[in-house]
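Enquirer: Before I ask anything, let me first share the structure, which is written out below as structure tokens.
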Amino acid sequence: MNFKISCQGAISITSFVDFLLLKLMPAISDTIWKIMVHKVAGDMRTTCPEFNGNRANLEKYILYSLAEEENFDKYWQYLHHPESFFRQYIRDHIRRYCSEKESEKIKTFLKIILGDIKNTILSAIHMSTKVAKAKGSTASGWLDLFCYHLQCKLIFPRRDLISIEHQEVMDTEFLKEVMSKALYPAMREVEEDCSRKPIDEIVPDIEKILSEHLCGCWKQCPFCKAICTNTIPQHEGDHSVPFHRPQAVNGWHRHKTDHFVIDCCTSSVASDRFFIVHDLQEFPYKKYREAGGDFATWSITPDSSTQPYWKWFLCHFRSKLEKKYGKKFTKIGSIPDLWTKITKQEVLNDLQK
Ligand SMILES: [Zn+2]
Ligand SMILES: [Zn+2]
């Protein structure tokens, strides 16, 4: 008689544990990836110089890699669709981080996370059993305790366990033993599943975290397309950027001619020249804000210093720019000889200052 009861009890505890683990495993997987996303994003922010500052810092690296690659289509994307260009750049970096040599890091992270979760579950089993035993709790009581001890680490809804809560599990000590033993192969299975998971699936989540840290205002200077460096997306006050560019970068040309304007907006706003908006209205550069719209919301201070970067860019992609904008570097838009002598190495060195 006694043997029969204990036998039934054993079967019932085993199926109880089987069911519990069946429900627990997807919760473990979900938790692993949630933690992994934060671990990778955090590690990239400390170890990749591109991502350990604000967006202006990242932009320096972007300009550097654009110059290194010399790909005009990429420059075009960066100039005219900067937001999506930055997103793509971040995504490519995450993919590279997650593959090749860095995947070793992912494996290490996975081991650490799995170890933590396993310890959490084991201690939840231990604590729940201790309390349940003292109180003489039912299966339902043990499950309440178990879910309570897991809740800070694992997203594991108690309501998923309704179907087993009425089972007669009285021998909580035996339950603890079976559960602890069954946990090891279950965790191994989860680990294998996770190792097989294509890392691409977590790239968008990592991207979201990194992008939040690298957010900011995306407004571009109406003359030269330089991006506002304010770190607040909907900031108050004027848009501004420390360095503007020759206006030809944005296709500016002299009215009714096909001659590019190669002046930088910071020197234009100090000049007595005029510019024309929408082919009809003329405004003095000195009072550029009167042109309204984006012109009114930018603070462009007169300054004669310029960076070599965009001078080199205009020289290097001269014919591509002429073709794309349908304008010419001629007459007032002639490229000065000095500009053509700027080397790519000088430009790269200047960016590293
Ligand atoms: Zn500008
Ligand atoms: Zn701004």
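Only the coordinates and a few stated rules stand behind these numbers; no lab work does. In this text, all values refer to a predicted model and were calculated from it rather than measured experimentally. Neighbour counts are summed over all protein chains in view; Cβ atoms, including those assigned to glycine, are modelled from backbone coordinates with ideal geometry.
Enquirer: Please work out the C-alpha center-to-center distance from segment 159-212 to segment 78-108 and express it in whole Å.
Expert: First find each Cα centre; the distance between them is then 29 Å.
Enquirer: Further, regarding this structure: Rounding to the nearest 20 debye, state how big the charge dipole of the chain is about its Cα centre with +1 on each Lys and Arg Cβ and -1 on each Asp and Glu Cβ. The partial results should precede the final answer.
Expert: Details: 49 positive and 45 negative charges, 110 e Å.
Charge dipole of the chain: 520 debye, to the nearest 20.
Enquirer: In addition: From the cross-link list 225/286; 176/208; 320/341; 286/311; 74/111; 74/219, which pairs have alpha carbons spaced over 30 Å apart?
Expert: With Cα atoms farther than 30 Å apart: 176/208; 74/111.
Enquirer: Once amide H atoms are placed 1.01 Å from N in the peptide plane, what residues at a sequence separation of 5 or more from residue 274, or on another chain, have their amide H within under 5 Å of its amide H?
Expert: 285
Enquirer: Under a 5 Å amide H to amide H cut-off, with H placed in plane at 1.01 Å, what residues pair with residue 239 once short-range neighbours are removed?
Expert: Those qualifying (amide H under 5 Å, at least 5 residues apart or on another chain) are 298, 299.
Enquirer: I want to verify a result. In a Gaussian network model of the chain, Cα cutoff 10 Å, which of these has the top mean-square fluctuation: 122, 321, 280?
Expert: Highest fluctuation among the options: 280.
Enquirer: Also, I was wondering about something else. With a ≥ b ≥ c taken as the square roots of the eigenvalues of the C-alpha gyration tensor of segment 209-322, please select rounded if a/c is under 1.5 and otherwise prolate if a/b is larger than b/c or oblate if it is not?
Expert: Oblate, because a/c is 1.5 or more while a/b does not exceed b/c.
Enquirer: Using only alpha carbon pairs under 8 Å that are at least six residues apart, calculate the relative contact order of segment 115-211 and give it in whole percent.
Expert: Working: 61 pairs, mean separation 27.8, N = 97.
In percent, rounded to a whole number, it is 29.
Enquirer: Same structure, new question: Nearest 10 degrees, 0 to 90: what angle lies between the long axis of helix 203-213 and the longest principal axis of the chain (Cα atoms)?
Expert: In the chain, helix 203-213 runs at an angle near 60 degrees to the longest axis.
Enquirer: Tell me the relative contact order for the chain as a rounded percent, counting alpha carbon contacts under 8 Å between residues six or more apart.
Expert: 16 percent
Enquirer: Using just the helices of the chain, give the 222 nm mean residue ellipticity in deg cm²/dmol: DSSP H runs with n ≥ 4 each add -39,500 (n - 2.57), and the total is spread over all residues, rounded to 500.
Expert: -19000 deg cm²/dmol
Enquirer: Taking only C-alpha pairs under 8 Å that are 6+ residues apart, what is the relative contact order of segment 160-278 in percent?
Expert: About 13 percent, as a whole number.
Enquirer: For segment 253-263, take each phi angle, set θ = phi - 60°, evaluate the Karplus expression 6.51 cos²θ - 1.76 cosθ + 1.60, and give the result in whole Hz per residue in order, putting x for glycine and proline.
Expert: Each residue's phi maps through the Karplus curve to give 9, 6, 3, 6, 10, 10, 8, 4, 9, 9, 5 Hz.
Enquirer: Can you sort 297, 229 so the residue with the fewest Cβ neighbours within 10 Å comes first?
Expert: Ordered from fewest to most neighbouring Cβ atoms within 10 Å, 297, 229 come out as 297, 229.
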